[in-house]
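Data block below; observations after.
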Amino acid sequence: MGKVTATRTPLFFQSKLLCISVLYLFTTLFLAFYRSVSPTTCLFRSSPSDPIQSPLFYYPSSYGEHKYAITTHRHSCSSPVFFSDYGMVVGEIHNLCTNSSAFLPALRYLQGKADTFGGNFETQKRFSYFNYSNDEIKVPCGFLKEFPVSDSDRIAMESCNGVVVVSAIFNDHDKIRQPVGLGSQTLVDTCFFMFIDDITLQGLYEHKLIPQNSPDYKVGVWRIVKVFSEKLYENPAMNGVIPKYLVHRLFPHSKFSIWIDAKLQLMVDPLLLIHSLVVSKDVDMAISKHPYYVHTMEEAMATARWKKWSDIDGLTQQMETYCKNGLKPWTTHKLPYTTDVPDSALILRKHGLGSNLFSCLLFNELEGFNPRDQLGFAFVRDKMNPKLKLNMFEVEVFEKIVVEYRHNLKKTGNVKAVSSGGGVSKKTKRERSHGHLVLTDSSCQNYLLKMWGESHS
């Protein structure tokens, strides 16, 4: 009879521990290789399924668009915000933009002529518009002087009927940076506009970013719009406030917008951002919390201390005016608003009644006092009616979706750079003394006592 030979399992596969170790080794090597060749170094990305990989614009080396980045320690692959499937997002936002009833009722605006762009109304006159009780009210919202841009730019702005991303550089204060992670359909459905003044334009000429003989300018995705700012405000920061808060009027047919300070670079597709932070939350506006401050008065004191606005008397008058008219420190009674101080470098909006009314009312406050928009933010938000539906997202989300850079360094020692949202005015006695708000025996005493009581309780 023949001899039966048993088939033996190789010794290598007889050890379960050895098999698991080898599997772990090969998995680790694969992941390490994937991260080394992946453009984002992340396994699970929030970018579209077909992000544009080629550079949107080639900058000359002299421009330095990536200099002076402010780094954060957050891991680039961790995501504190959820993004839906890109194809689904594109379809949903397209449907919303073609459904005009989703953005009704429409706000009506005061027409006429004035010495300033916004009319510079008296305090109580501005406050009288906070209660929007019927659709017949015409709200002052800038444009009481012409916004001085070319006809071709105006036509392009009025032709944007979906999502618009807006930024501005005045006084050559920042660099133009291209957004990252755009899906191929985003460039079809989204407009990108950068407003600049003549000083900034000259800098672009010097670096040869745009030709001098072109009637229209473009740098990568950004259409460059020159504003003849000498016809507007003397302060460059106040001119920057116009596209920041009156974007719904500059782009009357747009349905959603993203304002991004020029010191920021957008790292996530704007359609994904609008859907995640505005549409899915069913809000009028989304804005980041401030990383340090909760109370308006904290921001006001820091503004004076760090000379972000040098008219200390004007700051004091502004805070006392708001205290007299009901400004209160943040408490849990203000929920669902989770703080009184935003980081307004990034603002996402649905162009409906709530967002448009808030933007108009806040713009009027900025013209009435100063362009430091964080100071009037909570006062307008808390006093306006109807209430603003607001998503104040965490700082971790902000750090995930943008990269922040420092402003351009000015070479001339006798010219003080104007920071975004700030400005330069004649020094006052209070600034020369210490640069602190003087609120002793003022109408803000109850505010301060409650704020400090909350802080130490």
Is there any pair linking a residue in the range 193-220 that is more than 20 Å from LYS231 (Cβ to Cβ) to one that is assigned to a strand (DSSP E or B), with Cβ under 7 Å and at least six apart or on different chains, and which? LEU209/VAL219; ILE210/TYR217; ILE210/VAL219; ILE210/ILE224; LYS218/ILE224
Going by the conditions given, is THR321 within 23 Å of VAL279 (Cα to Cα) and open to solvent by 10 Å² or more (accessible area, probe 1.4 Å)? no
With criteria (1) under 20 Å from the mean Cα position of the chain (by Cα); (2) surrounded by fewer than 20 Cβ atoms within 10 Å (Cβ to Cβ), VAL225 comes up short on (2)
Going through (1) closer than 30 Å to GLY91 by Cα; (2) buried (at least 24 other Cβ atoms within 10 Å of the Cβ) one by one, LEU315 fails only at (1)
Among (1) touching a Phe, Trp or Tyr at 6+ places or on another chain (Cβ under 7 Å); (2) open to solvent by less than 70 Å² (accessible area, probe 1.4 Å), where does LYS138 come up short? (2)
I'm checking my understanding of the structure. Among residues of the range 281-293 that are in contact with a helix residue (DSSP H, G or I) (Cβ under 9 Å, 6 or more places away or on another chain) and farther than 15 Å from ALA345 by Cβ, which one is surrounded by the most Cβ atoms within 10 Å (Cβ to Cβ)? ASP284
Candidates VAL341, VAL247, VAL278, filtered to the one that is among the hydrophobic types (A, V, I, L, M, F, W, C), touching a strand residue (DSSP E or B) at 6+ places or on another chain (Cβ under 6 Å) and within 26 Å of LYS125 (Cα to Cα): VAL247
Count - residues of the range 91-117 that are open to solvent by less than 40 Å² (accessible area, probe 1.4 Å) and within 25 Å of the chain's Cα centre (by Cα): 7
Identity of the residue in the range 288-342, touching a Gly at 6+ places or on another chain (Cβ under 7 Å) and not β-branched (Val, Ile, Thr), that ends up nearest to LYS400 (Cα to Cα): LYS308
If SER61 satisfies every condition in (1) hydroxyl-bearing (Ser, Thr, Tyr); (2) more than 22 Å from the chain's Cα centre (by Cα); (3) open to solvent by less than 50 Å² (accessible area, probe 1.4 Å) but one, which is the exception? (3)
How many residues, within the range 145-178, are part of a helix (DSSP H, G or I) and among the hydroxyl-bearing types (Ser, Thr, Tyr)? 1
Residue under evaluation GLY181, criteria (1) assigned to a loop (DSSP other than H, G, I, E, B); (2) crowded, with 24+ Cβ neighbours inside 10 Å; (3) among the small types (Gly, Ala, Ser), criterion not met: (2)
How many residues are over 24 Å from LYS263 (Cβ atoms) and assigned to a helix (DSSP H, G or I) when one looks only at the range 347-369? 8
When the range 370-395 is examined, which residues are found to be buried (at least 17 other Cβ atoms within 10 Å of the Cβ) and part of a helix (DSSP H, G or I)? ASP373, GLN374, LEU375, GLY376, PHE377, ALA378, PHE379, VAL380, ARG381, ASP382
Report every pair of residues separated by at least 6 positions or lying on different chains whose Cβ atoms are under 6 Å apart, first residue within the range 391-402 and in contact (Cβ under 8 Å) with a residue 24 or more places away in the chain, second in a helix (DSSP H, G or I). ASN391/LEU277
Please verify whether GLU230 is assigned to a loop (DSSP other than H, G, I, E, B) and open to solvent by 10 Å² or more (accessible area, probe 1.4 Å), treating the condition exactly as stated. no
Confirm whether GLU299 is acidic (Asp, Glu) and open to solvent by less than 20 Å² (accessible area, probe 1.4 Å). yes
Examine the range 327-346 for a residue that is part of a loop (DSSP other than H, G, I, E, B), at pLDDT 95 or above, closer than 24 Å to ILE242 by Cα and open to solvent by 10 Å² or more (accessible area, probe 1.4 Å), and state whether such a residue exists. no
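The values are calculated or read from the model by the stated rules, or taken from the named source; none is laboratory data. Keep in mind the model is a prediction, meaning the values are calculated, not measured. Note that we place each Cβ from the backbone using ideal geometry, even for glycine, and neighbour counts take in every protein chain shown. In case anyone asks, the SASA skips ligands and DNA or RNA and just uses the protein heavy atoms, side chains included. Shrake-Rupley method; radii C 1.70, N 1.55, O 1.52, S 1.80 Å.
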